[in-house]
Amino acid sequence: MQFRLSLRPTAQQTLVPFNYAYRLSAFIYAVLAEADGQYATFLHSQGYEYSSTRRFKLFTFSDLIIPNARIDTKAGGLWVTTPHIEWVVSFYVDKAAQHFIVGLFQDQRCVIATPKHKAEFIIERVEAVPVEIASNTVQLRTLSPVVIAEKDGRGMDQYLHPADIQFGPLLIDNLLAKWNSIPRMVSAGDPSAHDFATSAVTYRLLPDREPKSRLVAIKEDSRAETKVRGYYGFTFELSGPKELLELAVLAGVGRYNAEGFGAVGVTK
């Protein structure tokens, strides 16, 4: 399910640090741990295994939606200038878990803290947003940067622009790996039990918006800090089985979904 959260800052002046996504990821794990420690530990430490080197958490979240944010490069963040901001969180879970997840986030205190910043919000409203895939083709807009990369001759990641010829095939490969990581009962005539070929899905970048790029630090100011480049502000089209299209929306596309990358929404 996909959820839209309304957050109210607790202070009159609130500065959100630029690299806030990792803190939001930690907040989600903490909320899950309060309700189901075993499930939270499974997601954080293990996840859904496709191979010994590829595991997925099958949740993602958007950038914070901060209307009229004032950028302050000297202070290292965004000043919130409105009474509320919004945030979209997506989980690839059974629809029966909808009310459970709404209850988890309602009235929670979300703190985004770094050595230099502290932004605090109260989650005042949680709305479940139905994800209805009505056809085998869907148009998606990015809600957070999408990270797609391929290794160069030195084994280093080269981050690809959405118009790159390899962007679509690598996005599809990642989506199919997610699908094949999910344990499922195999039953005759059940399409959700099927494996899909790469040719089952196609990607097309739509020309209405020019993608923008952002370099983001994960685990900033720690020994494990790493920087990745993602692209956002664009729309694209995916065609394929509805089960895979739903997975793309709810689990995210590309890499680092549980760190706040690859969140997408269905265009109206």
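A single entry from GLU243, GLU237 fulfils the requirement of being touching a helix residue (DSSP H, G or I) at 6+ places or on another chain (Cβ under 8 Å), outside any loop (DSSP other than H, G, I, E, B) and surrounded by fewer than 19 Cβ atoms within 10 Å (Cβ to Cβ): GLU243.
Table: residues versus (1) over 20 Å from the mean Cα position of the chain (by Cα); (2) assigned by TED's automatic domain parsing to the domain that holds TYR232.
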site: VAL111; (1), (2): no, no
site: ALA119; (1), (2): yes, no
site: ILE123; (1), (2): no, no
site: VAL147; (1), (2): no, yes
site: ASP152; (1), (2): yes, yes
site: LEU160; (1), (2): no, yes
site: ALA163; (1), (2): yes, yes
site: ILE172; (1), (2): no, yes
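Only residues that are modelled with pLDDT of 95 or more and over 17 Å from the mean Cα position of the chain (by Cα) were counted in segment 213-237, giving 1. In segment 97-136, of all residues being in a helix (DSSP H, G or I) and of a type outside the set (Val, Ile, Thr), the one that is modelled with the highest pLDDT corresponds to PHE105.
A quick yes/no check of all residues on (1) in the same structural domain as GLU34 (by TED's automatic domain parsing); (2) under 14 Å from PHE3 (Cβ atoms); (3) over 18 Å from the mean Cα position of the chain (by Cα):
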position	(1), (2), (3)
SER62	yes, yes, no
ARG70	yes, no, yes
HIS84	yes, no, yes
PHE100	yes, yes, yes
GLN108	yes, yes, yes
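Here is a yes/no grid of residues against (1) hydroxyl-bearing (Ser, Thr, Tyr); (2) surrounded by 13 or more Cβ atoms within 10 Å (Cβ to Cβ); (3) closer than 19 Å to ILE122 by Cα:
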site	(1), (2), (3)
SER6	yes, yes, yes
PRO9	no, yes, yes
ASN19	no, yes, no
ARG23	no, yes, yes
LEU32	no, yes, yes
THR41	yes, yes, no
TYR48	yes, yes, no
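When every residue of segment 219-233 is checked against the conditions, none turns out to be touching a Leu at 6+ places or on another chain (Cβ under 8 Å) and assigned to a helix (DSSP H, G or I). A single entry from TYR39, TYR48, TYR20, TYR29 fulfils the requirement of being of a type in the set (Phe, Trp, Tyr) and closer than 20 Å to PRO145 by Cα: TYR20.
Scanning segment 67-91 for residues that are of a type in the set (Gly, Ala, Ser) and either within 30 Å of LYS178 (Cβ to Cβ) or surrounded by fewer than 16 Cβ atoms within 10 Å (Cβ to Cβ) (or both) gives ALA75, GLY76, SER90. Criterion applied to ARG255, ARG229, ARG223 was being closer than 25 Å to PHE18 by Cβ, out of contact with any strand residue (DSSP E or B) (no Cβ under 6 Å at 6 or more places or on another chain) and surrounded by fewer than 19 Cβ atoms within 10 Å (Cβ to Cβ), and the one residue passing it is ARG223.
Only residues that are of a type in the set (S, T, N, Q) and either at positive phi or within 16 Å of the chain's Cα centre (by Cα) (or both) were counted across segment 238-268, and they come to 1. Annotation for segment 199-208: at least one member residue is among the aliphatic types (A, V, I, L, M), surrounded by 14 or more Cβ atoms within 10 Å (Cβ to Cβ) and out of contact with any strand residue (DSSP E or B) (no Cβ under 6 Å at 6 or more places or on another chain).
In segment 194-209, which residue that is at pLDDT below 95 and of a type in the set (D, E, K, R) is farthest from GLY260 (Cα to Cα)? Residue satisfying both the conditions and the ranking: ASP195.
Among the residues of segment 148-186, just one is of a type in the set (D, E, K, R), part of a loop (DSSP other than H, G, I, E, B) and either modelled with pLDDT of 95 or more or surrounded by 14 or more Cβ atoms within 10 Å (Cβ to Cβ) (or both), namely ASP164. Here is the figure for segment 8-52: residues that are under 17 Å from GLN108 (Cβ atoms), in contact (Cβ under 8 Å) with a residue 60 or more places away in the chain and either outside the structural domain of VAL111 (by TED's automatic domain parsing) or in a helix (DSSP H, G or I) (or both) total 9.
The values are calculated or read from the model by the stated rules, or taken from the named source; none is laboratory data. Since we're looking at a predicted model, the values are computed, not measured. Neighbour counts are summed over all protein chains in view; Cβ atoms, including those assigned to glycine, are modelled from backbone coordinates with ideal geometry.
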